[in-house]
Amino acid sequence: MNYTLNQLQIFLKVVQEKSITKAAEALHLTQPAVSIQLKNLQDQFEIPLTEVIGRKLYVTEFGFEIAQSAAEILNQVHAINYKTMSYRGQLTGKLRFVVVSTGIYLLPTYLSEFAKQHEGLELDVDVTNKTGVIDALEANSVDFALVSIPPAHLNFESFKLMPNALYLVGNDKVERDAKTDLKEIMKKNPIIFREDGSGTRLLMEKFFQSANVIVTRKLKLASNEAVKQAVISGMGISVMPQLGINQELKSGLLKIIPVKGLPIKSTWQFVWLKGKKLSPAAEAFIRYIEANNEKLKSQFA
């Protein structure tokens, strides 16, 4: 047996994704490169690891057993690496973040330099909606959540990063001026909402309720990017956080529609459960954002 750690890692990803194509995308490799390594691993076993039926890949029972062993081996390798870095005085382990979908425009800026400074850390980021964030915090399965609307029913600590503002936006063909009447513009344009459980959707619904506006023409899409592309294409208008549309506003693809009651203002912040015993890595991250927040948020000005 001469299989390599690289082959085991690739095979494990194929099993997890149930697809060579998806595994290649996740590993940032070409599909042929994944296929070659999968074949090289298979050549060392007489029993098939996978089989293809009707162009669909299936993992055999034997393949699942090998994948389980591969996961255990790779975990041990990571543990060895962590221990080595720890003896060198470097931070090790895993930092887990859960982020509302719009926050993905913000998070990479706050993680990039920190990750470079601490190469022994593994960063695990889950992008979801507000409901998913609350579930993760309640389960204590993450170190930090990045939100603009913190969960009011949980006891938490936080570090405030920068303001968040939501505007009514449309593409460059939507009529607008300083005297725009919200009810009139909504008669001409459908409103595009985020999915149920989204914090942005919750703020939109509260805004329309406070403005005594009944939404009759609406669409629902599952991500901020999907909403943005739909607005650009002229499918409707929406209330969107400025953080996610800065480039489109600068290029003219999107325009802010001035209406009374907007923008809706909140604050981007990292939150974590009150009383949570933070790991050395988590404490180091808090110290990092405390020391660098002014410089980091200036990149969004």
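Select, from Leu262, Leu278, the only residue that is crowded, with 17+ Cβ neighbours inside 10 Å and of a type in the set (A, V, I, L, M).
Among Leu262, Leu278, only Leu262 is crowded, with 17+ Cβ neighbours inside 10 Å and of a type in the set (A, V, I, L, M).
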Is one or more of the residues making up the range 3-14 within 21 Å of Val77 (Cβ to Cβ), touching a residue at least 40 places away in the same chain (Cβ under 8 Å), exposed (fewer than 14 other Cβ atoms within 10 Å of the Cβ) and touching a Phe, Trp or Tyr at 6+ places or on another chain (Cβ under 9 Å)? no
What do you reckon, is Leu74 more than 29 Å from Ser223 (Cα to Cα), buried (at least 19 other Cβ atoms within 10 Å of the Cβ) and modelled with pLDDT under 90? no
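So, of the residues in the range 127-144 that are outside any helix (DSSP H, G or I), touching a Ser or Thr at 6+ places or on another chain (Cβ under 9 Å) and not polar (S, T, N, Q), which turns out to be farthest from Arg287 (Cα to Cα)?
Here is the first cut: in the range 127-144, the residues outside any helix (DSSP H, G or I) are 127-129, 139-144.
So of that shortlist, the ones also touching a Ser or Thr at 6+ places or on another chain (Cβ under 9 Å) come out as 127-129, 143.
Those still in the list that are not polar (S, T, N, Q) too: 127, 143.
Details: Val127: 24, Asp143: 14 Å.
My answer is Val127.
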Of the residues that sit in the range 210-230 and are touching a helix residue (DSSP H, G or I) at 6+ places or on another chain (Cβ under 9 Å) and in a helix (DSSP H, G or I), which one is surrounded by the most Cβ atoms within 10 Å (Cβ to Cβ)? Val227
Just to check your reading of the model, which residue among Leu219, Leu137, Leu203, Leu146 is in contact with a strand residue (DSSP E or B) (Cβ under 8 Å, 6 or more places away or on another chain), over 17 Å from Tyr105 (Cα atoms) and not assigned by TED's automatic domain parsing to the domain that holds Asn246? Leu137
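The values are calculated or read from the model by the stated rules, or taken from the named source; none is laboratory data. Bear in mind that the values here come from a model prediction, so they are computed numbers and not experimental data. Quick reminder, even Gly has a Cβ in these numbers, built from the backbone with ideal geometry, and neighbours come from all protein chains shown.
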